[in-house]
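The values are calculated or read from the model by the stated rules, or taken from the named source; none is laboratory data. This is a predicted model, so every value here is computed, not measured. Note: ideal-geometry Cβ built from the backbone for every residue, glycine included; neighbour counts use all protein chains shown.
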Amino acid sequence: MRYSDNDQPVITLTSGPVNAYADVLRGLSSPVLYDYDPAFQLFHERLVEKAQTVMRLSNRPLILQGEPVLGLEAAAASLITPQDTVLNLASGVYGKGFGYWAARYTPNMLEIEVPYNEAIDPKAVSEMLQSNPQISIVAVCHHDTPSGTINPIDEIGAIVAAHGAYLIVDAVSSFGGMKTHPEECKADIYVTGPNKCLGCPPSLTLLGVSERAWDKMKANDDAPTASMLSILDWENAWSHDAPFPFTPSVAELNGLDVAFDIYLQEGPENVWARHALTAATTRAGIKAMGLDLWAASDSIASPTTTAVKTPDGIDEAVLRATARERYGVVFSAGRGETLGKLTRIGHMGPTAQPIYAIAALSAYGGALNLLGHQTNVGDGINAAIKTIDAAA
Ligand SMILES: *Cc1c(COP(=O)(O)O)cnc(C)c1O
């Protein structure tokens, strides 16, 4: 039996976009109300309040109408001025990429870059800030998804706050899947979205903005307004009697509302625990099959994505294509510098369930065997089952 490229896959275990929750899909099919209908305006105001609860913020977050690259680019455009010195922290493709956006708005760029299987050391940040007191903005990616590695943003945030610099955090693929909130890492702009661990389709940005970041953006004459890239335009849009800068994505907002309910009703701690257990189960199986994780150590391996180093002599694209064709299972490739070197097994939203680790290990190990790299899939599954049972 084979799954052709025209067949839909059986199981999608990617690190974004991810399968949406069934209830979110039902939410997406709710009536598309006129955005100035009072029912929609009240719904939207309650939705932003719900976002505030979910993000554990003391002020109102923003919902921007585009997938989170919009939020990242808007943060760079709105906060950074030519007078700023930006310290960009790069432990992967997304962290590195933010530096290119930042460099559009200031010539003063510094960077700490580590190999893309490692994490940023807070001590290095501290030393960099001490030797460069002019640094006014620090940018960090929490979970650099193409590497499946986590940076210690709460520690980094405390150091940056003590220095007095602003902090921009990309938490797109960690928020909702592990314990992270804007105020815990003292972020001034915290960018995330519903399309990873909250189990929605890609389409929206969630943005946490500190009061002092609002002040800085308002003082920046070049911060975008009357623009798709604007953050400032959305400041008051949460209120049911303020106008929208432009038509919001009504259907996606309906889906997001359901995703927040799922998250709050299940309980954030329970949601994080099943992400962590699914990742731990996957890691145990990968190791038991004699394979290597991409992350330099387990302590920095993400609970929302497991990156597996591609064994020597295996073409990673062929490996993924084989898993899809034979078993109907889809994984994510690396990106940029990690493309071809690793395969990513996503544990996000509805796929953050330990049983999916078994499917992932079977399809990954089975495909390796088909390509002539012998692995004992049974050992992987036994180790996985033990991990699941030990957590009961
Ligand atoms: C998914 C993701 C984004 C959103 O970007 P896309 O490349 O459009 O998917 C931003 N940052 C991180 C860390 C992500 O994982």
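Checked against the criterion of being under 28 Å from L342 (Cβ atoms) and outside any helix (DSSP H, G or I), the candidates E73, E111 yield just one match: E111.
Scanning segment 324-353 for residues that are surrounded by fewer than 21 Cβ atoms within 10 Å (Cβ to Cβ) and either within 23 Å of the chain's Cα centre (by Cα) or outside the structural domain of T306 (by TED's automatic domain parsing) (or both) gives V330, A333, R335, G336, E337, L339, G340, K341, P350, Q353.
Among residues that are away from the ligand (no atom under 16 Å from the Cβ), small (G, A, S) and modelled with pLDDT of 95 or more, S249 is not included. Taken over segment 35-72, the criterion of being closer than 17 Å to W238 by Cα and either within 16 Å of the ligand (Cβ to nearest atom) or outside the structural domain of M228 (by TED's automatic domain parsing) (or both) is satisfied by I63, L64, Q65, G66, G71. Of all the listed residues (L87, L62), the sole one being touching a helix residue (DSSP H, G or I) at 6+ places or on another chain (Cβ under 8 Å) and closer than 23 Å to G177 by Cβ is L62.
Of all the listed residues (V172, V191, V138), the sole one being of a type in the set (V, I, T) and away from the ligand (no atom under 12 Å from the Cβ) is V138. Considering segment 185-227 alone, what residues qualify as being part of a loop (DSSP other than H, G, I, E, B) and in contact with a strand residue (DSSP E or B) (Cβ under 9 Å, 6 or more places away or on another chain)? Matches in segment 185-227: C185, K186, A187, D188, G193, P194, K196, C197, L198, L204, S210. Only residues that are farther than 17 Å from A276 by Cα, away from the ligand (no atom under 13 Å from the Cβ) and either in contact (Cβ under 8 Å) with a residue 24 or more places away in the chain or in the same structural domain as V271 (by TED's automatic domain parsing) (or both): list them for segment 141-163, please. If the condition is that a residue be farther than 17 Å from A276 by Cα, away from the ligand (no atom under 13 Å from the Cβ) and either in contact (Cβ under 8 Å) with a residue 24 or more places away in the chain or in the same structural domain as V271 (by TED's automatic domain parsing) (or both), then D154, E155, I156, G157, A158, I159, V160, A161, H163 are the ones that fit. Kindly indicate the residue of segment 194-221 that is among the charged types (D, E, K, R) and more than 14 Å from G349 (Cβ to Cβ) and also farthest from the ligand (Cβ to nearest atom) among those meeting that condition. Filtering segment 194-221 for residues that are among the charged types (D, E, K, R) and more than 14 Å from G349 (Cβ to Cβ), the one farthest from the ligand (Cβ to nearest atom) comes out as D221. Scanning segment 110-131 turns up no residue that is surrounded by fewer than 24 Cβ atoms within 10 Å (Cβ to Cβ) and either among the aromatic types (F, W, Y) or closer than 25 Å to Q65 by Cβ (or both).
Checking segment 87-99 against the condition returns a match, with at least one residue being within 16 Å of the ligand (Cβ to nearest atom) and among the basic types (K, R). For segment 273-300, a residue qualifies if it is under 19 Å from the mean Cα position of the chain (by Cα) and among the aliphatic types (A, V, I, L, M), and the qualifying residues are A273, A276, L277, A279, A280, A295, I300. Only one entry in A280, A276, A259 is over 17 Å from I150 (Cβ atoms), in contact (Cβ under 8 Å) with a residue 60 or more places away in the chain and assigned to a helix (DSSP H, G or I), namely A259. Taking I80 as the residue in question, decide whether it is surrounded by 22 or more Cβ atoms within 10 Å (Cβ to Cβ) and hydrophobic (A, V, I, L, M, F, W, C). Answer is yes for this residue.
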